[in-house]
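Derivation of every value follows stated rules applied to the coordinates shown; laboratory data play no part. Treat the numbers as computed from the prediction; the structure is a model and nothing was measured. Every residue, glycine as well, gets a Cβ built from its backbone with ideal geometry; the counts of neighbours run over all protein chains shown.
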Amino acid sequence: RPRAPRKGFSAASPILDPSPSPGSRRLSFQLRGKRRTLGWIATAVLLAVVILVGLGLRGATFQRVFRGDAIVFPIGDAYYHLRLAEFSLQRLPDVLRFDPLVNHPDGAWNPWPPLHTLLLAGAGRALGGTQHDLERAGAWLPPLLGALTALPVFGATTVLAGRGIALLAALFVALLPI
């Protein structure tokens, strides 16, 4: 024969260790909710710190990129991505799919997906739409996207392993440029 629940305590109550009085049980439940909220707030603050650390590490070499009024990128793909973004900036939302200047004289299809190009062109347009604005966006967008990569890493790892491991994984992703 099942026992009847005590007065003020339902069988579906989330509290596993009932206290002697119903009032203290309610207080215990409220404290647990506040602890859980404070835990998420602390996690959000730590995640924001991790993202700022990642942005700071990626932006540590900006004195080499910003030289007075000029923006000088390291030799490599940055100039080609700026060329693609400049094409898209002038003809938004079109993307340069076939580039006649690559593999001269035949040209070649652009192998890169268009998301980075469109983000760069959109950021350049949001900053003003000039060549200098596009270069400024080209200097800041990759470090910002790299630092924000900690967010999906945190989300996926939270599902798989919990908040503590997720913060550690996000920190590792933030430290990757080292």
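Label-point separation (nm) for Phe172 and Thr43, each offset 7 Å from Cα along Cα-to-Cβ?
1.8 nm
Separation between the Leu151 and Gln90 pseudo-spin-labels, each 7 Å from Cα along Cα→Cβ, expressed in nm?
Label at Leu151, label at Gln90, 3.3 nm between them.
Looking at region 65-119, what % of the alpha carbon pairs are farther apart than 15 Å?
So the pairs more than 15 Å apart make up 54 percent of the total in region 65-119.
Compute the distance from the alpha-carbon center of region 58-76 to that of region 105-146, in whole Å.
Distance between centres, Cα-based: 16 Å.
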